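Accompanying notes for the structure given below.
Read the figures in this text as sums done on the coordinates, not as results from a lab. Remember, predicted model here, so these are calculated numbers, not experimental data. Note that we place each Cβ from the backbone using ideal geometry, even for glycine, and neighbour counts take in every protein chain shown.
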Amino acid sequence: MSEVKEPEESITFLGTGGARVMVANQVLASGGMWLKFGETEILLDPGPGSIVRTTERKLRADKLSAVIISHRHLDHSADVNIMLEAMTQGGFKPHGYFFAPSDAFNEEPVVYSYLKRFLSGIEILKEGGNYSVNSVSFSTPVRHIHPVETYGLIFKTPNHTFSYIADSRYFDALSHHYGGELLIINLVFLEPNPLIDHLSVRDAREIINHLKPKVAILTHFGMHVWRAKPWEIADSLSRETGVNVIAARDGMVFDLSELDRM
């Protein structure tokens, strides 16, 4: 029996739950995303349970080159300290970078001081910023509308370009600043909520229609989206936009080479 070959470039969705109620009750997992680009591995938004989900899936934290958080909220950063410690093997294997917005280091910083000396470096995310980890580059094109400083990211690997639209209220610039073959959208609401800065299904439809990626993946679901069955929402958006829209599942691995066959 032939051995199954690991994807060269992939995204593992450690958890697909978003917002307080979903995360507090672990209706869905909330561990963030593990990005693998050849020898470069990056953990993005390690929310509660990230260390558990990674070890369950035999993902080795000491192989990480970097940890990134889009913003300081608990569902995106609660496990950042244990993941940095695991990445550096408690300081016995110092290496790796940590990227976060400036307010993650101010009052009530998200990272313990002793961990900082285990890292190769810490970089502050800012609007219009450009960064790199080995052969992978990423940018933070625009600040989002959210209660804390928040950025989405555009990743460029040796083979692919994709965007991650993190938590935000909808605004026209979202559609103008992101792009690539793949689009990942945090989808919390069924309908827009004027009081809370998160994206809705209508917002996702607008963004997907404008950007027309090869594939759009929905994740970070709020309770109402979960009850409405995200896979059915994805099917409906696929028909309405003509784009292949997928609802992520806890533990789902997306092989970026699939984009080359579309």
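The figures follow:
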item	result
Shape category assigned to region 7-58 from the gyration tensor of Cα positions, a/c cut at 1.5	prolate
Gyration tensor (alpha-carbon) shape descriptor, region 9-250, a/c threshold 1.5	prolate
³J(HN,Hα) computed for each position of region 248-262 - Karplus, 6.51 cos²θ - 1.76 cosθ + 1.60, integer Hz, glycine/proline x	5, 10, 4, x, 5, 10, 9, 7, 5, 5, 4, 5, 6, 9, 10
Region 114-152-region 165-214 distance, computed between alpha-carbon centres (Å)	20
Antiparallel DSSP beta bridges within region 80-204, percent to nearest 5	55
Antiparallel bridge percentage (DSSP; both residues within region 1-135; nearest 5)	50
Amide H contacts under 5 Å for Asn244, placed H, 5+ residues apart	Ala216
Computed [θ] at 222 nm, deg cm²/dmol, the chain (DSSP H ≥ 4; -39,500 (n - 2.57); rounded to nearest 500)	-6000 deg cm²/dmol
Bridge type composition, the chain - antiparallel percent by DSSP, nearest 5	50
Prolate/oblate/rounded call for region 1-102, Cα gyration tensor, a/c under 1.5 rounded	oblate
Residue exposure sequence - Ile122, Ile51 - by fewest surrounding Cβ within 10 Å	Ile122, Ile51
Eligible lysines near Lys214 by straight Cα distance, threshold 26 Å, same-chain separation 8 or greater	Lys5, Lys36, Lys156, Lys229
Distance in nm between pseudo-label sites at Val27 and Asp62 (7 Å out along the Cβ direction from Cα)	3.9
In degrees, nearest ten, helix 201-211 long axis to first principal axis of the chain (Cα)	80
Aspartates and glutamates with Cα under 13 Å of Lys93, excluding same-chain neighbours fewer than 8 positions away	Asp62, Glu85
